[in-house]
Amino acid sequence: MDVSGGRGQPRPGNDESADHTGPEAQAPGGTGDAPTTPSAPTPADDTDGRPEGPTPGPGAPAPEGGTPQDSGAAPDHDAHGPGHDRHRTPAHTEPPVDHPSHAPAGRPEHPDHPFAHSGSGKGQPPERPEERKRGGLLMGRPFGVPVYVAPSWFLVAILITWVFGGQIDRVLPELGAASYLVSLFFAVAFYASVLVHELAHTLAALRFKLPVRRIQLQFFGGVSEIEKEAETPGREFVLAFVGPLLSLVLAGLFYLGLLAVEPSSVPGVLLAGLMVSNLIVAVFNLLPGLPLDGGRMLRAVVWAITGKPMTGTVAAAWVGRALAVCVLIGLPLLTQSGALGSDAVDNVGMDTVLDALLAAILAAIIWTGAGNSLRMARLREHLPELRARTLTRRAVPVENDTPLSEALRRANAAGARALVVVDAEGRPFSLVREAAIVGVPEHRRPWVPVGTLAQDITEGMRVSAELAGEELLDALRSAPATEYLVVEETGEIYGVLSAADVERAFVKAMARPS
């Protein structure tokens, strides 16, 4: 294998590449559960992943009159990394009524994308502008974690105001139209308690030094987006349990407040509604199936017994799927039978349709969350296969004023697919971007110096050849770029790592069965 030495000279290396692909053009996209995915990974050039014999450099024409080989820049990256946990808290659109109407909490949904941007500063990575746009309205940063209200929250606020306002009007008819103003206050107060539930997850995560990207309040409750998985089953259990525990504490506090006021007054109706809603949130989230908090607790228990987190995930995910089926079938039956406290209904009317729709939505969310948990667990199993050393492209050193055509000729001759610009001492200071090479017509390449196509190497763009798995992805997230300089522990150049190559390897790992 040809790699560059510390002074820019080729030196022999260790042929360990396994999943290398050439710089074929890629369409932008995400991976895993992202809306779009990159093109399927192409076969490696040889068994070690590095080209055997003279092969075209990035964007270079193939030797002996071959056709140019193009490559696009690395695709735009989604906001969620592979170690991304989402804790969902179900809201309850009809608090005083007998059934919950929002989605589960504690959902271990990891980002499916290896290039979620992250940063430093108390473990809270900054978000990109498009990510903030998707997050909704920024309400504040408690404990340094941004809290967003999604546009869908306003829909559920209107729904709660309408439903609860009608119930208040029946209990306190003297309020008239003001009952809907009281109902709106209830909607805000209830989502404040949902925020407390999510902050419990967040504080536990920060206590365990797990970075939290953001909290989002949305139609189906709240989501705490935690960047990494807990390291032990004990921490996993605590991280999941604190949310329902806080909801139970809030329900108890609202009950104590209810004892001090007149039940038929405005404060009494509000406190009763908040007590019942938080109790439902806590109980529902304690059900033992992913993606609920109870599912994460079950996962932690199985993990502790077997010593295998994947076994815990599989068990809790399948219990979650069974739970989804039970919700789909059982919730409408319980509501119609009057077992949840309402009168039994013999005829099929609008209430029956709404109950069935609610059950279908909840069942779909639970089923999908359980499936996502399985996919993300499989990804974590395969993450160690992503190694910088095996994905790195051979590189040749060139000086700043070297014509592009000459640089590509040297790359072809050395069987390399990347260009590193070095100074007179052989120290690397910039990388020639693939996308820039593609943009230069072949007839102009003899007159274009490589320095005009290069990107300066920042500290974050230097990665160790020993990085693998989440450590590698964390390094790439901390300094988003299309190419990275890979160096040995001695500081010698090992080669160039393309974000597109990691992207393809990531997709390939996701597709491989456990």
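Name the residue that is modelled with the highest pLDDT, counting only residues in region 116-142 that are open to solvent by 90 Å² or more (accessible area, probe 1.4 Å) and in contact with a strand residue (DSSP E or B) (Cβ under 8 Å, 6 or more places away or on another chain).
Once the filter is applied, the top-ranked residue is Arg141.
With closer than 30 Å to Ala300 by Cβ and among the hydroxyl-bearing types (Ser, Thr, Tyr) as the only criterion, which of Thr392, Thr368 stands out? Walk me through it before giving the result.
On the way: Thr392 fails: closer than 30 Å to Ala300 by Cβ.
From the options Thr392, Thr368, the qualifying one is Thr368.
For region 450-465, how many residues are open to solvent by 50 Å² or more (accessible area, probe 1.4 Å) and more than 18 Å from Leu497 (Cα to Cα)?
Pass one, region 450-465, residues open to solvent by 50 Å² or more (accessible area, probe 1.4 Å): 452, 455-456, 458-459, 462.
Right, trim to more than 18 Å from Leu497 (Cα to Cα) and you get 452.
Residues meeting the conditions: 1.
In region 248-288, how many are of a type in the set (Phe, Trp, Tyr) and in contact with a Phe, Trp or Tyr (Cβ under 6 Å, 6 or more places away or on another chain)? Can you show your working first?
We begin by selecting, within region 248-288, every residue of a type in the set (Phe, Trp, Tyr); these are 254-255, 284.
Add one more test, that the residue is in contact with a Phe, Trp or Tyr (Cβ under 6 Å, 6 or more places away or on another chain), and what stays is none.
The total comes to 0.
Tell me, which residue of region 303-325 that is surrounded by fewer than 24 Cβ atoms within 10 Å (Cβ to Cβ) and of a type in the set (Val, Ile, Thr) is nearest to Gly371 (Cα to Cα)?
Val314
Only one of (1) on the phi > 0 side of the Ramachandran plot; (2) touching a Lys or Arg at 6+ places or on another chain (Cβ under 7 Å) fails for Leu210. Which number is that?
Only one criterion is unmet by Leu210, namely (1).
If a residue must be touching a residue at least 40 places away in the same chain (Cβ under 8 Å), surrounded by fewer than 24 Cβ atoms within 10 Å (Cβ to Cβ) and either part of a helix (DSSP H, G or I) or not aliphatic (A, V, I, L, M) (or both), how many such residues does region 275-296 contain?
2
Would you call Phe185 open to solvent by 10 Å² or more (accessible area, probe 1.4 Å) and not hydroxyl-bearing (Ser, Thr, Tyr)? Please lay out each step first, then the result.
Working: open to solvent by 10 Å² or more (accessible area, probe 1.4 Å): yes; not hydroxyl-bearing (Ser, Thr, Tyr): yes.
Judged against the criteria, Phe185 is a match.
Can you give me the number of residues within region 255-269 that are in a helix (DSSP H, G or I), without any contact (Cβ under 8 Å) to a residue 12 or more places away in the chain and open to solvent by less than 60 Å² (accessible area, probe 1.4 Å)?
Our first condition is that a residue be in a helix (DSSP H, G or I); within region 255-269, this holds for 255-259, 266-269.
With without any contact (Cβ under 8 Å) to a residue 12 or more places away in the chain added as a condition, the list becomes 256, 259, 267-268.
Subset that is open to solvent by less than 60 Å² (accessible area, probe 1.4 Å): 268.
The number of residues fulfilling the criteria is 1.
Would you be able to say whether some residue in region 201-220 is part of a helix (DSSP H, G or I), at pLDDT 95 or above, open to solvent by 60 Å² or more (accessible area, probe 1.4 Å) and under 23 Å from Leu362 (Cα atoms)?
No, that holds for no residue.
Identify all residues within region 206-250 that are farther than 21 Å from Pro288 by Cα and either among the β-branched types (Val, Ile, Thr) or touching a helix residue (DSSP H, G or I) at 6+ places or on another chain (Cβ under 7 Å) (or both); write none if there are none.
Applying the first criterion (farther than 21 Å from Pro288 by Cα) to region 206-250 yields 206-219, 227-228, 250.
Scanning region 206-250 gives Leu206, Phe208, Val212, Arg214, Ile215, Gln216, Leu217, Gln218, Phe219, Leu250.
Residue-by-condition table, conditions (1) under 19 Å from Ala395 (Cα atoms); (2) within 33 Å of the chain's Cα centre (by Cα); (3) in contact (Cβ under 8 Å) with a residue 40 or more places away in the chain:
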| residue | (1), (2), (3) |
| --- | --- |
| Glu434 | yes, yes, yes |
| Trp447 | no, no, yes |
| Gly469 | no, yes, yes |
| Leu472 | no, yes, yes |
| Arg477 | no, yes, yes |
| Thr482 | yes, yes, yes |
| Val486 | yes, yes, yes |
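Could we say that Ala300 is crowded, with 21+ Cβ neighbours inside 10 Å, outside any loop (DSSP other than H, G, I, E, B), at pLDDT 95 or above and of a type in the set (A, V, I, L, M) here? Working first, answer last.
Working: crowded, with 21+ Cβ neighbours inside 10 Å: yes; outside any loop (DSSP other than H, G, I, E, B): yes; at pLDDT 95 or above: yes; of a type in the set (A, V, I, L, M): yes.
Yes.
Given the criteria over 22 Å from the mean Cα position of the chain (by Cα) and touching a residue at least 24 places away in the same chain (Cβ under 8 Å), does Ala272 qualify?
Taking the combined requirement at face value, the residue satisfies it.
Can you spot a residue in region 488-506 that is at negative phi, out of contact with any Ser or Thr (no Cβ under 9 Å at 6 or more places or on another chain), open to solvent by 10 Å² or more (accessible area, probe 1.4 Å) and outside any loop (DSSP other than H, G, I, E, B)?
The answer is no, given that none of the residues of region 488-506 is at negative phi, out of contact with any Ser or Thr (no Cβ under 9 Å at 6 or more places or on another chain), open to solvent by 10 Å² or more (accessible area, probe 1.4 Å) and outside any loop (DSSP other than H, G, I, E, B).
The values are calculated or read from the model by the stated rules, or taken from the named source; none is laboratory data. Please read all numbers here as calculations on a predicted model, not as lab measurements. Cβ atoms come from the backbone with ideal geometry, glycine included; neighbour counts cover every protein chain shown. Just so you know, the surface numbers come from the protein's heavy atoms only, side chains and all, with ligands and any DNA or RNA stripped out. Shrake-Rupley method; radii C 1.70, N 1.55, O 1.52, S 1.80 Å.
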